[in-house]
Amino acid sequence: MNDAQVGALVEAAEEGVEVDGLRVTRVDEGYRFETPETIHRGLSESALRSVAEESPWFVSNWHYWTHVVEGPERARYDFLRWVEGADDHDVPKRYEALSSGVTREWGQLSITATLADDGLRRYDLRHGADRDVSEEDLETYVDPLDARGIATYDDDGRYRPLSTAPTLRTGWVYPDLDGRALVETVEFLYPATVENWHRERRGELDVTHFRETAERQTGIYSIVEGLTVEELEAAAEACCVDSQCLKRRMWDEDEETPLRVPRGEEAFPCREPCSLFVTAARKFVTLGREETRSYEFELTPTEKEQVEAIVDAVADGRVGEIREADLNDGANRYRARYLRALRGGEHGLSDTPTYPEDHD
Amino acid sequence: MQALVIVAHGSHLNPDSSTPTYDHADAIRATGAFDEVREAFWKEEPSFREVLRTVESEEVYVVPLFISEGYFTEQVIPREMRLEGWEVSDWDSEDGVSATFATYRANDVEKTIHYCGPAGTHEVMSDVIVRRAESVTGDPDVGEGFGLAIIGHGTERNENSAKAIHYHTDRIRGMDRFDEVEAVFMDEEPEVDEVTEFFSAPEIVVVPLFVADGFHTQEDIPEDLGLTDDFREGYPVPGEVDGHRIWYAGAVGTESLMADVILERAAEAGAEIGDARERIGERSAPSVAGE
């Protein structure tokens, strides 16, 4: 707390102050200053200044939320209060916790709030996997705009088209953000998540369900309307579960028809099928238009299981983890190459043509 | 408070697609003309659908970083942004290159949205094309002894796509600066691979009217021009083709002066931009390029 904060409090007392247990008002007989522990009445301006100085935490806390964060209408106000658990703990408890740091997880992000001078907050933002890594061992960032670059590639250098895929790269830290810059940085890493979470908390999240999204599509995407409910369930299971995207899915087939696929566990909601989902849905619709056929293959039981293991390994993103010499894993590269060499042919598996009519 | 939202296509596959959008947004941010500057994309995040809720400003200027009026600027963006009451006729552009702006409320936010015509059809875009020619040749006076070829994608699905190319071709021809100025296309006549047939000038600057470098500008076009047999091996600037020296510029949208076009679009829609255009101009003075 500093003189400017006390000055601002005296000024604000004319209109009345009420934040986190601090109440300051002006009535005819003078100022009234109240915290959960103390009440002072009939104060002159200089007496108000004195008692304010005896409750520096309450005053700086009031100043932070009203003057620095600029009040409760904004998503960042809700978010920053959530970060430090402001609605769950009173000011003294919170300030004690903040002195050593309060940490929250937001998707793969780890955010630690601590007290800075005069009751301001500073925030440390990093990947949750780097929570216990010392700052010197991480790449240090200052400018929120750089977060766009952090979000572009995963740890293997692959492009990440979906911001909330659980593949955010590690090894970086923003050690000293103020509240506004923290929210800005989080929004570059996970666009619109703070805003939609804020709307949801206020009961104002506008969810657009799949059928409505599909009806809106034009051009080459207009065919996504043709996705059946079974295909939609499979598409959501393929794309919208926690292992693929951290948003918590709030949309369903339509308002009356929930999908069985789990919604996800994270704090921030998904209010509408995203562009990647719509693109995938378009492909799934075209796949669904094909008629099934019967093919005859000669495979040993183990080879059949091997084909299944390969599908699983690709679907679960496990291919890179399979050890070079682990010949017991059906999706091992040598095993896959052996299967292809032994059972493959000019026309694919078991040399069976995909379109036999073209080969008669 | 006023915000600028630059909307572009983006890509699920190519991370470089959004780079020019970020660069121009950063240049405009640095001028301080807007309280907030945001990028939004069709294929990346934040999406067109959600970007308006991420700005706090009451006045929002939306500038599409697209080359032509057409499917995206007339249908997709207004629909996804939920611009209430949007009609193509609001833009009053009967010739496909004259859209300026129109003002709406979006139905999920309490804001006024000034929806601007695409950057690519603004008259200042002609200057950007010329600037691109200066950048690639490293000559601020480039013109005499040079032909200028402007490449458009061209498509039968959208006639406005070619109109934007012809519009700038005609304007630059009218500047009487280059010996010859011609429009060529990837998907319609006259085609890129015949470019040397249209010029008698010994030197030809080739500028693709594309927003970002990617598959077309880095792979197809250098091969079609005959600058290289295989894009993976790169291409020379300038390169020799059929007795002409070809200065291939890459996508015009990467030119830093593009930020000026975006600012101009917003200013025409009523944004207060102070001296931001001058500051962008200083920042984007032609660099001496060439390899």
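The values are calculated or read from the model by the stated rules, or taken from the named source; none is laboratory data. What you see is a predicted model; the values in this text were computed from it and never measured. Note that each Cβ is placed from the backbone with ideal geometry, even for glycine, and that neighbours are counted across all protein chains shown. Calculation scope for accessible area: heavy atoms of the full protein, side chains included, ligands and nucleic acids excluded. Shrake-Rupley method; radii C 1.70, N 1.55, O 1.52, S 1.80 Å.
Within the stretch A:169-192, the set of residues being over 17 Å from A:Ala113 (Cβ atoms), more than 10 Å from chain B (Cβ to nearest Cβ) and of a type in the set (Gly, Ala, Ser) comprises A:Gly171 only. On the stretch given as the stretch A:167-215, residues that are among the basic types (Lys, Arg) and open to solvent by less than 40 Å² (accessible area, probe 1.4 Å) total 1. Identify the residue in the stretch A:232-242 that is part of a helix (DSSP H, G or I) and open to solvent by less than 50 Å² (accessible area, probe 1.4 Å) and, among all such residues, is farthest from the other protein chains (Cβ to nearest Cβ). Result: A:Glu233. Check whether at least one residue in the stretch B:61-76 is surrounded by 24 or more Cβ atoms within 10 Å (Cβ to Cβ) and either within 11 Å of another protein chain (Cβ to nearest Cβ) or aromatic (Phe, Trp, Tyr) (or both), and report yes or no. Yes, because at least one residue in the stretch B:61-76 is surrounded by 24 or more Cβ atoms within 10 Å (Cβ to Cβ) and either within 11 Å of another protein chain (Cβ to nearest Cβ) or aromatic (Phe, Trp, Tyr) (or both). Is there a residue in the stretch A:258-272 that is assigned to a helix (DSSP H, G or I) and at pLDDT 95 or above? Checked against the condition, which is being assigned to a helix (DSSP H, G or I) and at pLDDT 95 or above, the stretch A:258-272 yields no hits at all.
Filtered by the rule that a residue be crowded, with 17+ Cβ neighbours inside 10 Å and either more than 19 Å from B:Pro208 (Cβ to Cβ) or touching a Phe, Trp or Tyr at 6+ places or on another chain (Cβ under 9 Å) (or both), the stretch B:110-124 gives B:Lys111, B:Ile113, B:His114, B:Tyr115, B:Cys116, B:Gly117, B:Pro118, B:Ala119, B:Gly120, B:Thr121.
Flag not set for B:Phe101, criterion: open to solvent by less than 30 Å² (accessible area, probe 1.4 Å) and either within 17 Å of the chain's Cα centre (by Cα) or not β-branched (Val, Ile, Thr) (or both). Considered as a group, the residues in the stretch B:37-60 that are within 11 Å of another protein chain (Cβ to nearest Cβ) and part of a loop (DSSP other than H, G, I, E, B) include one that is farthest from B:Ser161 (Cα to Cα), and that residue is B:Glu56.
In this entry, B:Phe34 passes the filter for residues that are of a type outside the set (A, V, I, L, M), more than 9 Å from chain A (Cβ to nearest Cβ) and either on the phi < 0 side of the Ramachandran plot or out of contact with any helix residue (DSSP H, G or I) (no Cβ under 6 Å at 6 or more places or on another chain) (or both). The set of residues in the stretch B:19-31 being touching an Asp or Glu at 6+ places or on another chain (Cβ under 7 Å) and either more than 9 Å from every other protein chain (Cβ to nearest Cβ) or surrounded by 23 or more Cβ atoms within 10 Å (Cβ to Cβ) (or both) consists of B:Thr21, B:Ala25. Residue-level analysis places B:Glu240 outside the set of residues that are open to solvent by 50 Å² or more (accessible area, probe 1.4 Å) and within 24 Å of the chain's Cα centre (by Cα).
For the stretch A:265-285, the set of residues classified as more than 14 Å from chain B (Cβ to nearest Cβ) and open to solvent by 20 Å² or more (accessible area, probe 1.4 Å) consists of A:Glu265, A:Glu266, A:Ala267, A:Phe284, listed by residue number. For the residues A:Pro166, A:Pro161, A:Pro144, the requirement of being more than 14 Å from every other protein chain (Cβ to nearest Cβ) and at pLDDT 95 or above singles out A:Pro166. Suppose the filter is open to solvent by less than 50 Å² (accessible area, probe 1.4 Å) and on the phi > 0 side of the Ramachandran plot; does B:Gly250 pass it? Against the criterion (open to solvent by less than 50 Å² (accessible area, probe 1.4 Å) and on the phi > 0 side of the Ramachandran plot), B:Gly250 qualifies.
When only residues in the stretch B:39-73 that are free of Cβ contacts under 8 Å to residues at least 12 places away in the same chain and among the charged types (D, E, K, R) count, which is nearest to A:Pro161 (Cα to Cα)? My answer is B:Glu45. Checking each residue in the stretch A:291-314 for being outside any helix (DSSP H, G or I) and closer than 30 Å to B:Gly10 by Cβ picks out no residue at all. For the stretch B:203-258, the tally of residues that are outside any loop (DSSP other than H, G, I, E, B) and without any contact (Cβ under 8 Å) to a residue 40 or more places away in the chain stands at 13.
Listed conditions (1) of a type in the set (A, V, I, L, M); (2) in contact with a helix residue (DSSP H, G or I) (Cβ under 7 Å, 6 or more places away or on another chain); (3) open to solvent by 50 Å² or more (accessible area, probe 1.4 Å) are all met by A:Val142, apart from (2). Whenever a residue of the stretch B:86-100 is on the phi > 0 side of the Ramachandran plot, its partners that are surrounded by 15 or more Cβ atoms within 10 Å (Cβ to Cβ), lying with C-beta atoms within less than 7 angstrom and at least six residues away or across chains, give the pairs B:Gly96/B:Glu69; B:Gly96/B:Asn160; B:Gly96/B:Lys163. Every test in (1) at pLDDT 95 or above; (2) farther than 22 Å from A:Thr167 by Cβ; (3) outside any loop (DSSP other than H, G, I, E, B); (4) open to solvent by 30 Å² or more (accessible area, probe 1.4 Å) is passed by A:Glu357 save one, and that test is (1). The residue list B:Glu94, B:Glu84 contains one member that is surrounded by fewer than 17 Cβ atoms within 10 Å (Cβ to Cβ) and at pLDDT below 95, which is B:Glu94. Listed by position, the helices (runs of 4 or more DSSP H) contained in the stretch A:42-121 that have at least 1 residues being at pLDDT 95 or above, within 19 Å of A:Asp176 (Cα to Cα) and open to solvent by 30 Å² or more (accessible area, probe 1.4 Å) are A:75-83, A:91-100. The condition of being touching a residue at least 24 places away in the same chain (Cβ under 8 Å), under 21 Å from the mean Cα position of the chain (by Cα) and closer than 30 Å to A:Val6 by Cβ holds for only one of A:Asp118, A:Asp124, that being A:Asp124. Restricting attention to the stretch B:95-118, the residues being aliphatic (A, V, I, L, M) and under 13 Å from B:Val5 (Cβ atoms) number 3. For the structure I just gave you, tell me whether A:Thr208 is within 14 Å of chain B (Cβ to nearest Cβ), under 17 Å from A:Leu162 (Cβ atoms) and touching a Phe, Trp or Tyr at 6+ places or on another chain (Cβ under 8 Å). Here the answer is no, as A:Thr208 does not meet what is asked. Just one of the listed residues (B:Arg79, B:Arg171, B:Arg177, B:Arg132) is open to solvent by 10 Å² or more (accessible area, probe 1.4 Å), assigned to a loop (DSSP other than H, G, I, E, B) and at pLDDT 95 or above, namely B:Arg177.
Counting only residues that are closer than 16 Å to B:Asp26 by Cβ and either in a loop (DSSP other than H, G, I, E, B) or open to solvent by 40 Å² or more (accessible area, probe 1.4 Å) (or both), the stretch B:263-272 holds 0 of them.
Selection over the stretch A:315-338 of residues that are open to solvent by 100 Å² or more (accessible area, probe 1.4 Å) and in a helix (DSSP H, G or I) gives a count of 5.
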